[in-house]
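Participant: Questions regarding the structure given below will be posed in turn.
The values are calculated or read from the model by the stated rules, or taken from the named source; none is laboratory data. This one's a predicted model, so the numbers in the text were calculated from it and none came from an experiment. Cβ sites come from the backbone with ideal geometry, for glycine too, and all protein chains shown count toward neighbours. These accessible areas exclude ligands, DNA and RNA; they are computed on the full protein's heavy atoms, side chains included. Shrake-Rupley method; radii C 1.70, N 1.55, O 1.52, S 1.80 Å.
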Amino acid sequence: MSADRTLLMIKPDAVAKNAIGDILQRLEAEGFVIRQMRMNHLSQEQAQGFYEVHKERPFFGELVSFMTSGPSVQVALQRENAVAHLRGFIGETDSTKAAAGTIRALFGTDIQCNAVHASDSDDNAAQEIAFYFGD
Ligand code: CMP
C-alpha cells in the first residue's frame, strides 16, 4: 500500500451529532480523496482488536464501551503526506486542547469523545486500513 494513505474513523459521538457529512466535506475540501468507506457498529472484539495497543491503559475499558456505543464510519483517505497532514487537521487527542478550527475542536467534547481517530504512522495506517478493508 502506498504511504500516501491513512485511516480516519468518525467515532460514535460525531455520528450521533449528525456530523458525518460535515467532516467528510471538510476533508475533501482539504484535498483528501476518499478511497474506501464503510459504516459499522463495532463489536466488542473489533473495538478491543483495533485498540489492542492501548489494552494496558487505564482508559481501555471506557474506550471500548464508547467505541461500541453506536455506529462509526471507517474511511481510507489518500493525499500527499496523508498521515501527518490528517493528524494536524484533526488536532490534539484532547478536544478541549485542540487548536481552533480542527475537527476535534469543532466536533469533539473531551479526551475520550474526540470525534475522530487517525492513524499515527504509515505502518499503522497500512495495518488499520487492512483491519477494516483487507489488504
Ligand atoms: P484515538 O486517537 O482514537 O486513540 C486512542 C483513544 O483513546 C483516543 O483517541 C481517545 O478516544 C481515548 N482516550 C481516552 N482517554 C485517553 C487518554 N487519557 N489518553 C489518550 N487517549 C485517551
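Participant: Given the options E56, E80, E28, state which has the largest fluctuation in a GNM of the chain using a 10 Å cut-off (strictly under) for Cα springs.
Facilitator: E56
Participant: Write down the Å³ per residue value for the convex hull defined by the alpha carbon atoms of the chain. Don't jump to the answer; show the numbers that get you there.
Facilitator: Working: hull volume 12.9 nm³, N = 135.
Spread over its residues, the Cα hull of the chain gives 96 Å³ apiece.
Participant: Could you please state how large a percent of the accessible area of the chain is carbon and sulfur, counting protein chains only and using a 1.4 Å probe?
Facilitator: Its accessible area is 47 percent carbon and sulfur atoms.
Participant: Okay, next question. Pairs of Cα atoms under 8 Å, at least six residues apart: use those to get the relative contact order of the stretch 74-135, whole percent.
Facilitator: Reported as a whole number, the value is 28 percent.
Participant: Okay, moving on. Using only protein heavy atoms and a 1.4 Å probe, report how much of F32 is accessible, in Å² to the nearest 10.
Facilitator: My reading of the accessible area for F32 is about 10 Å².
Participant: While we're on this one: Ignoring ligands, DNA and RNA, what accessible area per residue does the stretch 3-133 give at 1.4 Å, in Å²?
Facilitator: I get 49 Å² per residue for the stretch 3-133.
Participant: I've got another one for you. Give the peptides 92-105, 63-76 in descending order of average Cβ contacts within 10 Å, highest first.
Facilitator: Descending packing order for the listed peptides: 63-76, 92-105.
Participant: Assigning unit charges at the beta carbon (Lys, Arg +1; Asp, Glu -1) and nothing else, what dipole magnitude in debye, to the nearest 20, does the chain show about its Cα centre?
Facilitator: Approximately 300 debye in magnitude.
Participant: Report relative contact order for the chain in percent, whole number only (criteria: Cα-Cα under 8 Å, sequence separation at least 6).
Facilitator: Details: 228 pairs, mean separation 50.7, N = 135.
Here the relative contact order equals 38 percent.
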